Amino acid sequence: MTKVATMSVSDGFAEGAQIGPLISDDAVTHIERLVDKAVRAGANIAPGGSRVMPGANFFKPTVLTNVEPQMRVCGDEVLGPIASVLQFRDEDDVITLANDTRTGLAAYFYTADISRVFRVMEALECGVVGVNDSLVFNEVAPFGGIKESGMGREGAHSGIEEYLEAKYVCFGNL
């Protein structure tokens, strides 16, 4: 958590920037409310938890501990620099926790067990999975989620599917 507290928050074009601004003041207000509700429900802020300069749309990278699955911070797409830490018993329990949400854009997990990679990746209900890496988004990979995170994909060759109409043709008696 020390690394989170020392992350560089600045203009996304600045050299060494690790965390840039959120898209709007409303987005920051949404993040503030999520953190506040989680804390009132029993979560703890490790580092972060508030706005930070250099501007109005910047929010400190935040780690929330003692988070429970029913907290809104677990059910919403946060789309901000917040990591919620939940306790789990085993692999099945953590998959259940991860999938028990209305959204399904991306999930990330770390393991050295290649069998676990395939079990967990297949079981996660989301559009993007990062295994041992969180920098998974790029212009040549299909981007999109499931559930309330959307349908379909954009980017890569999969993105064109939204603009195509399939036609089924069956020939008989030729």
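The values are calculated or read from the model by the stated rules, or taken from the named source; none is laboratory data. Keep in mind the model is a prediction, meaning the values are calculated, not measured. Cβ: placed from backbone, ideal geometry, glycine included. Neighbour counts: every protein chain shown.
What residue, of S158, S115, is among the polar types (S, T, N, Q), without any contact (Cβ under 8 Å) to a residue 60 or more places away in the chain and either in contact with a Pro (Cβ under 6 Å, 6 or more places away or on another chain) or closer than 27 Å to M71 by Cα (or both)?
Details: S115 fails: either in contact with a Pro (Cβ under 6 Å, 6 or more places away or on another chain) or closer than 27 Å to M71 by Cα (or both).
Answer to the selection: S158.
Please state which one of G80, G104 is among the small types (G, A, S) and either under 20 Å from M1 (Cα atoms) or assigned by TED's automatic domain parsing to the domain that holds V9 (or both).
Working: G104 fails: either under 20 Å from M1 (Cα atoms) or assigned by TED's automatic domain parsing to the domain that holds V9 (or both).
Of G80, G104, the one residue that is among the small types (G, A, S) and either under 20 Å from M1 (Cα atoms) or assigned by TED's automatic domain parsing to the domain that holds V9 (or both) is G80.
For the range 67-174, which helices (runs of 4 or more DSSP H) that fit wholly inside it have 3 or more residues that are modelled with pLDDT of 90 or more and not charged (D, E, K, R)?
Numbers: elements: 72-75, 91-99, 114-123.
Per the criteria, 91-99, 114-123.
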